[in-house]
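Peer 1: Can you read through this structure? Questions will come right after.
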Amino acid sequence: MRRALRSGGESFSPDSDAASVRRLFALIARAYDPLNSILSFGLDAGWRKKLADSLYPMPSGRDGRILDIAAGTLEVSMVLAERFPEHEIAALDFCLPMLLRGKKKAMKQRGDKIRLLSGDARALPLRDACVDAVTVAFGLRNIRPRERAYAEALRVLRPGGRFRVLEFVNTEKPVLFGLYNFYLDRVLPTAGSFFSGNKAAYRYLADTISRYPAAEKLDEEMCSAGFAGVRHEIFTAGIVGIHSGEKAA
């Protein structure tokens, strides 16, 4: 297990509690969007569009709603609002500074369709069976235990509703001849420190990727949680994947 790193007197590790992780994301909220683009070499925009595409076909209706968990600065939420204009987008995150950072962008693009929710994915502030889809992009690895997030997603989904997880794959095996593993271990924390001034935060993010379960294991978790039709698709040379499941009709 990696040792915890410190930022501003506080330690961060993949085992940090929710309050510590919330503070970590608040520290990097300002730099988060430009760094995502830089550190992904601009590929992150395509990944978000692919996530939205994976929801087709979506039911339509005047009360249609998509819940975006770990919405952060609303990058995924805005793609969903653009792609599904007939649906309301509920954007939920436990770090209010991240949501407020994205609010200005959202108001310029389908802001009337994006409803901000400050809350915990393990205790969603929504009634049962009220959304058509739940998405979570690059955030599930920060939620522990994941089983509580799965249970809440199933609770708020309507019968037949879709659950989609966009995430980096785990790095137990060398990817791209080990270049990706080297990137996570050395380049990501150093570049994150240079651009954001917070090496501990980006060391934490790299460590959570390495601690994330392999694709087959995550499928097993989703099946055990009660999702139907569970499957996954790995792309971008094996570094990113989308896990899919549905709530039984």
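Peer 1: Give the long-range amide H neighbours of ALA129: residues separated by 5 or more places, or on another chain, with amide H under 5 Å away, using H modelled in the peptide plane at 1.01 Å from N.
Peer 2: The answer is VAL156, LEU157.
Peer 1: Something else about it: What net charge do the residues around ALA249 carry, taking every other residue with its C-beta under 12 Å from that of ALA249, with Lys and Arg at +1 and Asp and Glu at -1?
Peer 2: Taking every Cβ under 12 Å from that of ALA249, the sum is +2.
Peer 1: Taking 35 Å as R0, compute the FRET efficiency from the Cβ-Cβ separation of ARG30 and ALA249 and round it to 0.05.
Peer 2: Approximately 0.20, to the nearest 0.05.
Peer 1: Note the direction-averaged projected area, equal to a quarter of the hull surface, for the Cα convex hull of the stretch 56-171, in nm².
Peer 2: 7.1 nm²
Peer 1: Whole-Hz Karplus ³J(HN,Hα) for the stretch 211-218, in order, using 6.51 cos²θ - 1.76 cosθ + 1.60 and θ = phi - 60°, x for Gly and Pro?
Peer 2: 8, 6, x, 4, 4, 5, 5, 5
Peer 1: Next up: How high is the FRET efficiency from GLU147 to ALA19, r the C-beta distance, R0 25 Å, rounded to 0.05?
Peer 2: 0.80
Peer 1: Same structure, new question: Need the full-extension length gain, LYS103 to ARG155, defined as separation in residues times 0.36 nm minus the C-alpha distance. One decimal, nm.
Peer 2: Computed gain between LYS103 and ARG155 is 16.0 nm.
Peer 1: Expected output is a single nm value to one decimal: the length gained when fully extending between GLU82 and SER40, i.e. 0.36 nm times separation in residues minus the C-alpha distance. What is it?
Peer 2: 12.9 nm
Peer 1: Based on the Cβ-Cβ distance of PHE182 and ASP63, what FRET efficiency does E = 1/(1 + (r/R0)^6) give at R0 = 45 Å, to the nearest 0.05?
Peer 2: 0.40
Peer 1: Related question: Please give me, ordered by residue number, the GluC sites (Glu not before Pro) of the stretch 65-170 that lie in loop per DSSP and have at most 15 other Cβ atoms within 10 Å.
Peer 2: Sparse-neighbourhood loop GluC sites (Glu not before Pro): GLU86.
We did not get these values from a lab; they are worked out from the coordinates using the rules stated. Every value quoted in this text rests on a predicted model; they were computed, and no experiment measured them. All Cβ positions, glycine included, derive from the backbone under ideal geometry; neighbour counts span all protein chains shown.
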